[in-house]
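Asker: Pasting a structure here, questions to come.
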């Protein structure tokens, strides 16, 4: 038997012993997502157990080096782990901007001290991170950010305002883009710094969205003192890191909607909503919408697979994350728009038991942000046009 | 298996690219249009010499056994070049039908002959203007020494040039039933056959074939009597996956040519590709083509691997490629502006080939419906 086959068997056994039964059923709502952190909000004891067990094994970040608490797995092994988790319908043990975004950037650009300090708590789900990027006057034009970090010798003093910081009110630390130099080109003079949200002068304030939820905050920074050792990479050269991080964010957002395990197909959802007539959906025009969505979703999922396979084999054009983000989010918006039509009157309910407190209406409204956050669809198209197609 | 093209397939792709650039330039398509011929015998001979007619033929019968992903690379390049040849009718549909249905004897006599270009075939299925394989009504009545065929076939690609026809006929049941369909190998010179050739928008042609008491011997039956539909569906799945590959070539080439034009054409003192209105459309278009690459590769891979999802994937592939080929060829003309409307400019040839390829064996509405029915709605 090969090593990989052995690994598969061991993994299967370990998961079977360690994944609690309630973590093997699809999530019912966003509330079932596990974010960890200093003040975790576990939906049940088993969710906590599952996060801790996976964290201790390093499998919340399977491919990170064991030196930083990661799983130390090869690509092939990580794929096997994913497959075995899908097989038993295991939920993701930890949702984490630390794992998905900051971690990869720290591994690539951070100092050894920073890696040792920050990566292990991320893997174990002990520290929850948030991202301080956008500002009121720097959205699509991110490099125009103005939050100022003044050099005080061994530390910076940061002043300014961030906006759209996801879960800033629940996070423990922030990775934050600041201006450390105002002369010259705007892309130069940006630095990426890390600070504890408990530092005096940091004030997050939730923003209520059209969907009624408040996943984002405005974060006010008033004379926030940040030690210079918490700068990732070189001072004034944070833009490169910021872009690298955005690539990971794009991949994360683009994947929403089509790859979340356990979600019923739209065709099945539609059959239940409007019924069948001689084997076909009873509403012909909506059937067209459903078919077109299902075709595109199937092809999109295969594309995510191909892009990943090609990058492993060293082929492909790269920079495809902009395309995945653009297409994936537009697809997700279409899905919810179609679901609204399929559900008819029930879809507009904001409260009440039948509609699960307006779950559909709220989720549908939330998807409108998918093609704005992490770079709008228009920004993604700009990236494709300029970086891939060479249209100046 | 990983969703990537392996080295051997990549080599096939590159050699096909070079081949078509050298032997099937656009000037050749214009010459064929002048002459009113569907394809050039010399080009086909060269393709046979390249071994392409043998790609899907198992090694046992003198073939290369390279598989569908390999053949798909050639179809894609053929689509880029708009090259016309019997490759699709004979080396893909013909070989696949005989492979799936043929007796040992039929395989031994025909497969090696196709592989070396001595025999060409054509598949005759549809009888109306829309693809509907189970609607076959052409009747095959048993006679003492074989069958007697009566009826008609429409839109048969290479129907007037092939040496043998593979004909779907009804030996039982009624039009619309899946049961009762049988396939026959009919010599093009058989009595009672009448061919009407109609030229099509892509400067190729299709044949309408009338069968008037056409007698065929008993051993011309391909596969089991009354049970041809399942295998026919598999042949059509293969055909549609390869048409999707051809359409991918067409979409890709329309895109590449248009992108080049966007970088070269100047208006208002700038290259038109610097205008965001066109940049965003080009970027969206590129994204759609990226998606198409995945489904074409997946559907061909699934056939090679005998994946049970092959029929579904073939329908998704054909549907998606119909949509994107339409987008591509329309955008190509629009972004070329006035010159895109001229016969002198080559870009117009792509839309003309795309539509017949989209329609053949089912367009978006056919395959979208089929895919939905297969998944229960």
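Every number in this text was worked out from the coordinates using simple rules, so none of it is lab data. The model shown is predicted, which means the values in this text are computed figures rather than measured ones. Because the Cβ atoms are built from the backbone with ideal geometry, glycine has one as well, and the counts that use them run over all protein chains shown.
Asker: For the pair residue A:17 and residue B:274, how long in nm is the line joining their label points, each one 7 Å along Cα→Cβ?
Answerer: Those two pseudo-labels are separated by 6.6 nm.
Asker: Follow-up. With the crude spin-label approximation of a point 7 Å out along Cα→Cβ, what separation in nm comes out for residue A:2 versus residue B:233?
Answerer: 3.4
Asker: Quick check on region B:1-131: take the gyration tensor over C-alpha atoms, sort the square-rooted eigenvalues as a ≥ b ≥ c, and tell me if it's rounded (a/c under 1.5), prolate or oblate.
Answerer: Because a/c hits 1.5 or more and a/b fails to exceed b/c, region B:1-131 counts as oblate.
Asker: Let me ask you something else. Quick one: Cα centre-to-centre distance for region B:307-377 and region A:16-73, in angstrom?
Answerer: 45
Asker: Let me ask you something else. Can you give the alpha-carbon Rg of the protein assembly as shown over 2.2 N^0.38 Å, where N counts its residues?
Answerer: Compared with the compact-globule rule of thumb, the protein assembly as shown sits at 1.09.
Asker: For region B:122-225, list log₁₀ I(q)/I(0) at each q in 0.15, 0.23 Å⁻¹, using the Debye formula over Cα point scatterers of equal strength and ignoring solvent, two decimals each.
Answerer: Here the Debye-derived log intensity ratios amount to -0.55, -1.25.
Asker: Over all directions, how big on average is the projection of the convex hull of the alpha-carbon atoms in region A:55-198, in square nanometres? Please report the intermediate quantities before stating the final value.
Answerer: Details: hull surface 41.1 nm².
Average projection, Cα convex hull of region A:55-198: 10.3 nm².
Asker: Between 0 and 90 degrees, rounded to the nearest ten: what's the tilt of helix B:348-359 against the longest Cα principal axis of chain B?
Answerer: Between the helix axis and the principal axis of chain B, the angle is about 40 degrees.
Asker: So what's Rg/Rh here for region A:256-388, counting alpha carbon atoms and using the Kirkwood radius for Rh?
Answerer: Dividing the radius of gyration by the Kirkwood radius yields 1.04.
Asker: Which value in Å is the Kirkwood Rh of region A:337-382 over different Cα pairs?
Answerer: Averaging 1/r across every pair of different Cα atoms and inverting gives 11.7 Å.
Asker: Two decimals is fine: what's Rg over Rh for region B:1-68, C-alpha atoms, Kirkwood radius as Rh?
Answerer: A ratio of 1.07.
Asker: Still on this model: Please list the equivalent ellipsoid semi-axes of region B:6-45, computed as the square roots of five times the alpha-carbon gyration tensor eigenvalues, in descending order and whole angstrom.
Answerer: Rounded to whole Å, the semi-axes are 26, 10, 7.
Asker: Further question: Could you state the angle between the C-alpha long axis of helix A:238-255 and the longest principal axis of the C-alpha atoms of chain A, as a value from 0 to 90 degrees rounded to the nearest 10?
Answerer: In chain A, helix A:238-255 runs at an angle near 10 degrees to the longest axis.
Asker: Using only helices, what value at 222 nm comes out for chain A when you add -39,500 (n - 2.57) per DSSP H run of length 4 or more and divide by the total residues, to the nearest 500 deg cm²/dmol?
Answerer: -13000 deg cm²/dmol
Asker: Something else now. Rg over Rh of region B:140-287, using C-alpha atoms and the Kirkwood radius, what does it come to? Show your work: numbers first, answer last.
Answerer: Values: Rg = 23.3 Å, Rh = 18.9 Å.
That ratio is 1.23, to two decimals.
Asker: Take every Cα pair under 8 Å in chain B that's 6+ residues apart, average their separations, divide by the length, and report that relative contact order as a whole percent.
Answerer: Computed value for chain B: 16 percent relative contact order.
Asker: What distance in nm lies between label points placed 7 Å from Cα along the C-beta direction at residue B:116 and residue A:282?
Answerer: Taking the simple label geometry, residue B:116 and residue A:282 are separated by 6.4 nm.
Asker: What order do you get for A:354, A:60 when you list them from fewest to most C-beta neighbours inside 10 Å? Write out the running numbers ahead of the final one.
Answerer: Values: A:354 7, A:60 28.
Listing A:354, A:60 from fewest to most nearby Cβ atoms yields A:354, A:60.
Asker: Still on this structure, I have one more. Based on the Cα gyration tensor of region B:230-374, what are the three equivalent ellipsoid semi-axes, each the root of five times an eigenvalue, rounded to whole Å and given largest first?
Answerer: Value: 33, 15, 11 Å, ordered largest first.
Asker: While we're looking at this one, here's another question. Counting other beta carbons within 10 Å of each Cβ, put A:23, A:1 in order, fewest first.
Answerer: Lowest to highest Cβ neighbour count: A:1, A:23.
Asker: Another question, then. Over the residues of region A:3-95, compute the C-alpha Rg and express it relative to 2.2 N^0.38 Å.
Answerer: It is 1.06.
Asker: Another question, if that's okay. Counting each DSSP H run of 4 or more residues in chain B as -39500 (n - 2.57), what helix-only mean residue ellipticity at 222 nm follows after dividing by all residues, to the nearest 500 deg cm²/dmol?
Answerer: Taking each H run of at least 4 residues, the total per residue is -16500 deg cm²/dmol.
Asker: While we're looking at this one, here's another question. Taking Cα atoms, how many degrees apart are the long axis of helix B:310-336 and the longest axis of chain B, rounded to 10 and kept between 0 and 90?
Answerer: With rounding to tens, the tilt is 40 degrees.
Asker: Which log10 I(q)/I(0) values, to two decimals, does chain B give at q = 0.12 Å⁻¹ under the Debye formula with one point per Cα?
Answerer: Each listed q maps to, in turn, -0.89.
Asker: Also, quick follow-up: Restricting things to Cα coordinates, could you compute the convex hull volume per residue of region B:333-377 in Å³? All intermediate terms of the calculation are to be shown ahead of the outcome.
Answerer: Values: hull volume 3.5 nm³, N = 45.
Value for region B:333-377: 78 Å³ per residue.
Asker: Which shape class applies to region B:77-158: rounded if a/c is under 1.5, otherwise prolate when a/b exceeds b/c and oblate if not, where a ≥ b ≥ c are the square roots of the Cα gyration tensor eigenvalues? Intermediate results must be reported in sequence, preceding the final value.
Answerer: Working: a/c = 2.52, a/b = 1.20, b/c = 2.09.
It is oblate, given that a/c is not under 1.5 and a/b is not larger than b/c.
Asker: Taking other Cβ within 10 Å of each residue's Cβ, how do A:291, B:272, B:181 sort, fewest first? Don't skip to the end; give the middle numbers.
Answerer: Details: A:291 25, B:272 19, B:181 29.
Ranked by crowding around the Cβ, least crowded first: B:272, A:291, B:181.
Asker: Right, something else. Based on the Kirkwood radius over alpha-carbon pairs, what is the Stokes-Einstein translational diffusion coefficient of chain A at 20 °C with 1.002 mPa s viscosity, in µm²/s?
Answerer: Reported coefficient: 95 µm²/s.
Asker: If a/c stays under 1.5 just call it rounded; otherwise compare a/b with b/c (prolate if a/b is bigger, oblate if not). Do that for region A:174-253, with a ≥ b ≥ c from the square roots of the Cα gyration tensor eigenvalues.
Answerer: Note, shape of region A:174-253 comes out oblate.
Asker: How large is the translational diffusion coefficient of region A:129-238 in µm² per second when you combine the Kirkwood radius over alpha carbon pairs with Stokes-Einstein at 37 °C and 0.692 mPa s?
Answerer: The calculation lands on 237 µm²/s.
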